[in-house]
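Below is one structure, written out as structure tokens, with a few remarks after it.
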Amino acid sequence: MALFDSKMTVGIAGAGSVAFATAAWLEQAGHHAILWSPSGKRTRRLAAGEPLVARNAIEGSFRPGTAADAADLAARADVVLIALPGYGHKAVLDALAPHLRNGQAVIFSSHASFGALYLGTKLAARGITLPIVAWGTTLATARQADLTTVNVNTVRSKIDLATIPEDRAEEGLRLCQALFGDRFVAREGLLSIALSNLNPQNHMGIALCNMTRMEHGETWGQGANITPNVGRLLERLDEERLAIAEALGLQVRTIFDHFHLSYHVPRASISEMNQEMHRQGVGGTGPATADSRYATEDVPYGLHVTAVLGDLVGRPAVLHRAGVQIFSAMYGRDFAAENTLLTDMGFDRLDLDQVKRACRTGILPAHDGAPA
């Protein structure tokens with residue numbers, strides 16, 4: 001089936017809250033979603049015939065398909081969408097890469113740690129070039145009530161995206177519009193998207209300042225607990241990210257843009273915006289465990305990546321780097337070393353020109369004729 005047909009089949013790699021919310025959106029819009037749980041556990045009830053029930057910002061009962069494995073997902077999909085935590089990307093990309101084919105497309109919801117370059121390089125080794133679309137954030141914010149029910153807090157009105165290789169940019173934008181509507185803003189390239197996901201910096205401040213609540217398993221309002229001091233920390237983290245973008249000549253959304261466009265609250269201080277989200281009932285709840293993606297995903301695949309880019313352009317992200325070190329000390333882990341995507345790509349051996357070229361071509365320099 002050609003891309004941009006009125007009805008497309010989207011294979012979703014992942015079966016968490018974002019995957020469920022995305023599947024519900026697609027089914028509601030007249031497309032067909034197929035969910036693949038890499039562990040095999042999270043889609044058993046759906047595979048047995050129970051419907052997927054979405055509530056709040058998306059309402060309805062839907063019947064997405066399920067896939068047995070990566071080969072099955074790729075074989076049945078026009079488009080493959082990656083919707084799982086960053087620490088799961090490498091294993092899933094390794095599983096999918098041998099089965100993707102020309103004529104398909106891949107969407108990262110959302111992009112983490114230059115995974116699009118990792119996939120593009122693996123596909124190039126097979127002589128395959130696909131539009132690979134990287135989103136700066138997810139379509140929705142959501143929580144799974146159970147393995148058949150998702151509570152969708154909000155559907156974002158704006159999502160930043162970029163496509164590799166860059167000569168497929170228009171195709172990537174049109175595809176996303178055909179599937180998800182007119183909510184996408186094309187950015188300058190993959191580097192812009194790498195600096196567009198604000199979750200790592202925001203989650204750092206939230207988790208660091210509320211860690212005892214997480215460890216005690218409390219139920220606590222996230223927006224309500226972004227108090228003035230926490231809000232100021234988030235604002236200072238954002239300044240580091242914006243300084244890196246400026247050094248690269250890129251324009252990215254500010255943290256104020258993020259909360260305004262994602263949660264439809266008036267611009268104010270970050271604390272005030274989150275207090276308003278709490279009053280409106282869209283502030284969400286914070287993690288009830290220290291084993292949360294706020295640390296296990298966002299530190300190695302978010303904070304660490306921003307710190308690496310800061311060093312690359314001569315704008316050290318001191319607070320981001322400190323966050324990686326503090327969380328590593330708290331958890332007794334080396335979070336930077338856990339980012340196997342950057343390690344396997346040899347990212348630390350690339351200079352800025354090589355990174356920029358890779359972000360245009362979609363292929364790492366050792367594989368596209370550039371010097372290693």
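The values are calculated or read from the model by the stated rules, or taken from the named source; none is laboratory data. Please read all numbers here as calculations on a predicted model, not as lab measurements. Because the Cβ atoms are built from the backbone with ideal geometry, glycine has one as well, and the counts that use them run over all protein chains shown. We work out accessible area using only protein heavy atoms, side chains counted, and drop any ligands, DNA or RNA first. Shrake-Rupley method; radii C 1.70, N 1.55, O 1.52, S 1.80 Å.
Just to be sure, is HIS89 under 27 Å from GLU338 (Cα atoms), in a loop (DSSP other than H, G, I, E, B) and touching a residue at least 12 places away in the same chain (Cβ under 8 Å)?
No: the conditions fail for HIS89.
For region 187-243, enumerate the residues that are of a type in the set (Gly, Ala, Ser), in a loop (DSSP other than H, G, I, E, B) and buried (at least 20 other Cβ atoms within 10 Å of the Cβ).
SER196
In this structure, is ASN274 farther than 28 Å from ARG55 by Cβ and polar (S, T, N, Q)?
Considered against the rule, which asks whether it is farther than 28 Å from ARG55 by Cβ and polar (S, T, N, Q), ASN274 comes out as no.
Which of the following residues is more than 21 Å from the chain's Cα centre (by Cα) and touching a residue at least 24 places away in the same chain (Cβ under 8 Å): ILE206, ILE226, ILE193?
Of ILE206, ILE226, ILE193, the one residue that is more than 21 Å from the chain's Cα centre (by Cα) and touching a residue at least 24 places away in the same chain (Cβ under 8 Å) is ILE226.
Determine, yes or no, whether GLY16 is in contact with a strand residue (DSSP E or B) (Cβ under 7 Å, 6 or more places away or on another chain) and not basic (Lys, Arg).
In short, yes.
Please enumerate the residues belonging to region 73-86 that are touching a residue at least 60 places away in the same chain (Cβ under 8 Å) and out of contact with any Ser or Thr (no Cβ under 7 Å at 6 or more places or on another chain).
Selection gives LEU73, ALA74, VAL79, VAL80, LEU84, PRO85.
May I ask you to list pairs of residues, at least six apart or on different chains, whose Cβ atoms are under 6 Å apart, with the first in region 310-327 being farther than 21 Å from LEU350 by Cα and the second being among the aromatic types (Phe, Trp, Tyr) and open to solvent by less than 60 Å² (accessible area, probe 1.4 Å)?
The qualifying pairs are VAL324/PHE335; PHE327/PHE335.
Would you confirm whether or not region 137-144 contains a residue that is in contact with a strand residue (DSSP E or B) (Cβ under 6 Å, 6 or more places away or on another chain) and either among the aliphatic types (A, V, I, L, M) or open to solvent by less than 10 Å² (accessible area, probe 1.4 Å) (or both)?
Looking through region 137-144, at least one residue is in contact with a strand residue (DSSP E or B) (Cβ under 6 Å, 6 or more places away or on another chain) and either among the aliphatic types (A, V, I, L, M) or open to solvent by less than 10 Å² (accessible area, probe 1.4 Å) (or both).
With the condition kept exactly as written, say whether any residue in region 96-119 is modelled with pLDDT of 95 or more, open to solvent by 50 Å² or more (accessible area, probe 1.4 Å) and under 22 Å from the mean Cα position of the chain (by Cα).
Checked against the condition, which is being modelled with pLDDT of 95 or more, open to solvent by 50 Å² or more (accessible area, probe 1.4 Å) and under 22 Å from the mean Cα position of the chain (by Cα), region 96-119 yields no hits at all.
Assuming LEU250 fulfils every condition listed in (1) touching a Lys or Arg at 6+ places or on another chain (Cβ under 9 Å); (2) over 25 Å from LEU309 (Cα atoms); (3) open to solvent by less than 40 Å² (accessible area, probe 1.4 Å) apart from one, which condition is it?
The failed condition is (2).
Here is a list of conditions, (1) closer than 22 Å to ASN151 by Cβ; (2) assigned to a strand (DSSP E or B), and GLY11 meets all of them except one; can you say which number that is?
(1) is the only condition that GLY11 fails.
Quick test for you: out of LYS90, LYS41, pick the one residue that is basic (Lys, Arg) and within 14 Å of the chain's Cα centre (by Cα).
LYS90
Residues that are under 30 Å from PRO131 (Cα atoms) and open to solvent by less than 10 Å² (accessible area, probe 1.4 Å): find the helices (runs of 4 or more DSSP H) completely inside region 265-372 holding 1 or more of those.
Result: 304-313, 340-345, 352-361.
Return the residue satisfying two criteria in turn: it lies in region 14-30 and is open to solvent by less than 10 Å² (accessible area, probe 1.4 Å) and over 17 Å from the mean Cα position of the chain (by Cα), and of such residues it is nearest to ILE58 (Cα to Cα).
ALA24
Of (1) open to solvent by 50 Å² or more (accessible area, probe 1.4 Å); (2) in a loop (DSSP other than H, G, I, E, B); (3) within 27 Å of GLY221 (Cα to Cα), PHE256 satisfies all except one. Which?
Of (1) open to solvent by 50 Å² or more (accessible area, probe 1.4 Å); (2) in a loop (DSSP other than H, G, I, E, B); (3) within 27 Å of GLY221 (Cα to Cα), only one is false for PHE256: (2).
Which one of these does GLU50 not meet: (1) in contact (Cβ under 8 Å) with a residue 40 or more places away in the chain; (2) outside any loop (DSSP other than H, G, I, E, B); (3) more than 20 Å from ASN153 (Cα to Cα); (4) not aromatic (Phe, Trp, Tyr)?
(2)
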